[in-house]
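The values are calculated or read from the model by the stated rules, or taken from the named source; none is laboratory data. Not measured: the values here are computed from a predicted model. Here Cβ is always computed from backbone atoms with ideal geometry, including for glycine, and neighbour counts include all displayed protein chains. Heads up: the accessible areas ignore ligands, DNA and RNA and are worked out on the full protein's heavy atoms, side chains in. Shrake-Rupley method; radii C 1.70, N 1.55, O 1.52, S 1.80 Å.
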Amino acid sequence: MVKAIEWKDGKVIMLDQSRLPIEVKFIECTDYQIIAEGIKKLWIRGAPAIGIAAAMGISLGAQDIRAENFDEFMERLEPIFNTMLSTRPTAVNIKWAVERIRSVLIGRRGESVDRLKEVLIEEANKILDEDIEVNKAIGRWGAQFIKDGDTILTHCNAGSLATGGYGTATAPILIAIEQGKKIQVIADETRPVLQGARLTAWELMQEGIPVTLITDSSAGALMKSGEIDLCIVGTDRTARNGDVANKIGTYTVAVLCREHDIPFYVAAPLSSIDFSISFGELIPIEERGPEEVTHIFGKCQIAPDGVKVKNMAFDVTPHRYVTAIITEKGAFRPRDLKKLMRDNVNLDELRLKP
Ligand code: MRU
């Protein structure tokens, strides 16, 4: 299974996803600024993967800090936290990783600066390992909703490349296949950065999973002719009412699913659910440069010089279109998500059964 990022011999090795599928090139990062640049330029992308990259970037940056004591160490870490937080605004996972690291360090206040640096490396690797386990759990809960012979539509890339491994939206598909079900995947190409064409199609083919690539505008026609049984997508940030921010075009797919009575599932690790945000309109939506729309990979121009462009990288799907949010703790109706914040919640009563 393809690895988007790993910590190796004191360096962070990152697969440059902007070159896929033409070239498989790994970048050796020895400096946290390179990781921040890589997140901005989409060398690494996908909400959980950029959370892991931020954690590894912070660990890398921390190794060069000279500090006499805990307070000095924390003060010098602050600009590194801020650099990571300023890279991409929509995915909550960077904020989640920074908050987790900050609280781990606060819990270790009495330890030496050298030990704290080691703790940061351990924590970044723990975040990566846990992400893979979380995805497998999402896969086990999600596979229950997949029947033998199903054709599944997905949008963007929420596979191994977008995570520590296994993917979120792809995990139920991988587990369903392990269970012996025959599954087909339909991948939306996902304009303008083409994560579906370049990444999802590529990684599913590497896994030997049958995949058909379509243009984004074909999804409705295929649903109408009965060729799609269910849809599974990932999320960059889900509000506590179940509104889902994900790659631009996800909302269109969800509305089309409703029209055609097709279940629309969102695979979301709990780290992608922002319980501090009450509804989707409060999620910051990243706008990216016009050249992603006017040019194909900065090379071939496909729009007139100077045309006005609006390039929103994400949209928000209102919770009423979401059949269930599949987390590592089970699949839940969007309206039940906020109940997960309670201490004495009975998960079994809350879970959506297939
Ligand atoms: O702009 P990207 O490629 O980072 O957008 C990625 C997505 O929208 C994914 O669907 C989302 O991050 C979920 S990844 C498990």
Check: When you count, for each residue, the other Cβ atoms within 10 Å and take the mean per peptide, how do 91-99, 46-54 rank with the highest first?
Finding: 46-54, 91-99
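From the helices alone, meaning DSSP H stretches of at least four residues, give me the mean residue ellipticity at 222 nm for the chain, per-run term -39500 (n - 2.57), in deg cm²/dmol to the nearest 500. Can you show the working numbers first?
Values: 11 runs with 126 residues, N = 354.
One gets -11000 deg cm²/dmol as the mean residue ellipticity at 222 nm.
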Note to self: Compute the distance from the alpha-carbon center of region 317-354 to that of region 273-293, in whole Å.
What the structure shows: 22
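Calculate the translational D of the chain in whole µm² s⁻¹ from Stokes-Einstein, where the hydrodynamic radius comes from the Kirkwood formula applied to all Cα pairs, the temperature is 4 °C and the viscosity 1.567 mPa s.
Details: Rh = 20.7 Å.
Answer from the Stokes-Einstein relation: 63 µm²/s.
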Notebook entry, point to check: What whole-number value in Å² describes the accessible area per residue of the chain for a 1.4 Å probe?
Noted result: 43
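Which percent, to the nearest 5, of DSSP beta bridges fully inside region 195-354 are antiparallel?
Numbers: 12 of 20 bridges.
About 60 percent, rounded to the nearest 5.
Taking a ≥ b ≥ c as the square roots of the Cα gyration tensor eigenvalues, with a/c under 1.5 meaning rounded and otherwise prolate when a/b beats b/c, else oblate, which class fits region 140-350?
Values: a/c = 1.81, a/b = 1.25, b/c = 1.45.
Judged from the Cα gyration tensor, region 140-350 comes out oblate (a/c at least 1.5, b/c at or above a/b).
How large is the dipole of region 191-289 about the Cα centre if only Lys and Arg carry +1 and Asp and Glu carry -1, each at its Cβ, rounded to the nearest 20 debye?
Working: 8 positive and 13 negative charges, 25 e Å.
Magnitude of the dipole: close to 120 debye.
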Check: Of 147/339; 41/95; 147/182; 40/329, which sit over 20 Å apart, Cα to Cα?
Finding: 147/339; 40/329
Notebook entry, point to check: What is the dipole size for region 140-350, taken about its Cα centre, with +1 at each Lys and Arg Cβ and -1 at each Asp and Glu Cβ, in debye to the nearest 20?
Noted result: 260
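Within the set of other residues whose C-beta is less than 14 Å from the C-beta of residue 76, count the net charge using Lys and Arg as +1 and Asp and Glu as -1.
Values: positive: 66, 102, 117; negative: 64, 68, 71, 72, 75, 78.
Overall, the nearby charge balance is -3.
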Margin query: Just want the answer: with Cβ charges of +1 for Lys and Arg and -1 for Asp and Glu, which residue in 352, 282, 312 is farthest toward the dipole's positive end in region 261-354?
Written below: 352
Notebook entry, point to check: What is the gain in length, in nm to one decimal, between residue 3 and residue 99 on full extension, counting 0.36 nm per residue of separation less the C-alpha to C-alpha distance?
Noted result: 32.1 nm
Checklist line | Debye, to nearest 20: dipole size of the chain, +1 on Lys, Arg Cβ, -1 on Asp, Glu Cβ | finding: 680
Next item on the list: Quantify, in whole percent, the carbon and sulfur part of the accessible surface of region 187-250 (1.4 Å probe; protein heavy atoms only).
Entry: 50
Notebook entry, point to check: At what distance in angstrom do the alpha carbon centres of region 225-256 and region 81-121 lie from each other?
Noted result: 30
Note to self: Over the Cα atoms, compute the radius of gyration (one decimal) and Dmax (the largest Cα-Cα distance, rounded to a whole number) for region 1-129, in Å.
What the structure shows: 14.2, 49
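Percent of accessible area on region 5-135 owned by carbon and sulfur, 1.4 Å probe? Walk me through the intermediate numbers first.
Values: 2740 of 5700 Å².
Taking all protein chains in place, region 5-135 shows 48 percent carbon and sulfur surface.
Sort 229-235, 261-267 for me by packing, meaning the mean count of neighbouring Cβ atoms within 10 Å per residue, highest on top.
Numbers: 229-235: 25.6, 261-267: 20.6.
Taking the mean over residues of other Cβ atoms within 10 Å, the ranking is 229-235, 261-267.
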Item checked: Most positive-pole-ward Cα, 270, 234, 219, against dipole of the chain from beta carbon charges -> 219
